[in-house]
Amino acid sequence: MKPLLEVSSLSKSFQVKGPLGTGRKQLLAVDQVSLHLHQGETLGLVGESGCGKSTTGKLILRLIEPDSGSIRFDGSELSGMSQRQLRPLRREMQMVFQDPFSSLNPRLKVGELIAEPLQIHRLAKGAQLRSETIRLLKTVGLGEEHLDRLPHEFSGGQRQRIGIARALAVKPKLIVADEPVSALDLSIQAQVINLMRDIQQEFELTYLFIAHDLAVVQHISNRVAVMYLGRIVELAATDTIYRAPRHPYTEALLNAVPVPKPGKTRRPPLAGEIPSPLEPPSGCHFHPRCPYAKQVCREQRPELVDIGSGHLSACHFHAEVGRFRRS
Ligand code: SF4
């Protein structure tokens, strides 16, 4: 079966001001990213802040223009399409944002916010528009009584539900969810993730689920891709990633996952600062923070290769990984 989404060698750089007025520099935000998603599947995309995961999501939806690479969605090549050519496909690819409050017009009532995409895409009008709006509200766990309220009257979790209802309104095939639960309390995170799982089955949705925390994507993803400084460094089935990671960065992220035991607090985060993407380390970008690093790591970039059964790793010493795993 052909994937719904197939991304190959996607790259994007930005011109930014260098430190202390050192002139403009090139920041390679996304570096040769390749991934695919089958219909109904969820791929978790994980990495520290600034690793390029949100930029990857926006590139896939063509909200920003890639420098190079291919994006095939449902049989159509998106890169190179004009905005006019993209318009009919926009409906099928929606985004859910981290902070739904900033993406919801504060002056519109919730009923208007959810009806808006239905009207823009001429999917309903009159009595049908109202009944469809109420149906969407109920789908995300809200109700008719919420129709006339303004966004500020809702909690963060409820606002995220409204954002999801807006995305669902146009019956998309793909949803790029960019840190959809990062701003929410832990118990609310679980509720929103459960909601996303439920509607995924009901609407046959495909998700690219972006998060900075491996624990968040575990229960919703079929596969997980880990990004570091613009590159995918590991990609595998979810249980494989959690049971037997084959990249030291993934192992370090797993070591930083909170321990769900009373009295236990979150383990120390990854050692060392994330290097500046303006001057990334030579060879393997991870080498200054990597406990497995050897001389070759400073000199040669490890390619992302299949190390067995579709498990991809970009590490010269992937077979050694596991020595520093904390249980
Ligand atoms: Fe560490 Fe070397 Fe593997 Fe990079 S290639 S992750 S530095 S062992």
Interchain or sequence-distant (5+) residues whose placed amide H lies within less than 5 Å of the amide H of residue 307 are 312, 313
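What number comes out for the charge environment of residue 240, summing +1 per Lys or Arg and -1 per Asp or Glu over other residues with Cβ under 12 Å away?
Once all neighbours under 12 Å are counted, the net charge is +1.
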Over the Cα atoms of the chain, what Rg and Dmax result, in angstrom?
20.8, 69
Can you check what the net charge comes to around residue 106, using other residues whose Cβ is under 15 Å from the Cβ of residue 106 (Lys, Arg +1; Asp, Glu -1)?
0
Given the Cα-Cα distance of residue 2 and residue 219 and 0.36 nm per residue of separation, how much length would full extension add, in nm?
75.6 nm
Out of residues 5 or more away from residue 228 or on other chains, whose amide H comes under 5 Å of its own, with H placed 1.01 Å from N in the peptide plane?
233
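Would you mind telling me the antiparallel percentage of the DSSP bridges in region 146-290, rounded to 5? List each step's numbers first, then the result.
Details: 6 of 11 bridges.
Of the beta bridges lying entirely in region 146-290, close to 55 percent run antiparallel.
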Could you tally the net charge around residue 307, taking each other residue with its Cβ under 14 Å from the Cβ of residue 307, Lys/Arg +1 and Asp/Glu -1?
-3
Using a/c under 1.5 as the rounded threshold, could you call region 279-327 rounded, prolate or oblate? The axes a ≥ b ≥ c are square roots of the C-alpha gyration tensor eigenvalues, and prolate needs a/b larger than b/c, oblate otherwise.
oblate
Site residue 76, offset 7 angstrom along Cα→Cβ, radius 19 Å on amide nitrogen, limited to region 32-47, gives 37-40
May I ask you to list the lysines whose Cα is less than 26 Å away from that of residue 171, ignoring any residue fewer than eight positions away on the same chain?
2, 53, 58, 109, 125, 138
Spin-label proximity, residue 99 to region 162-189 - amide N less than 15 Å from point 7 Å beyond Cα toward beta carbon
178-184
Mean residue ellipticity at 222 nm from the helices of the chain, using -39,500 (n - 2.57) per DSSP H segment of n ≥ 4 over the full residue count, to the nearest 500 deg cm²/dmol?
-8500 deg cm²/dmol
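Readers should treat all values here as calculations from the given coordinates under stated rules, not as data from a laboratory. If you're wondering where the values come from, they're calculated on a predicted model, not measured in any experiment. Glycine gets a Cβ as well: all are built from the backbone with ideal geometry, and neighbour counts include every protein chain shown.
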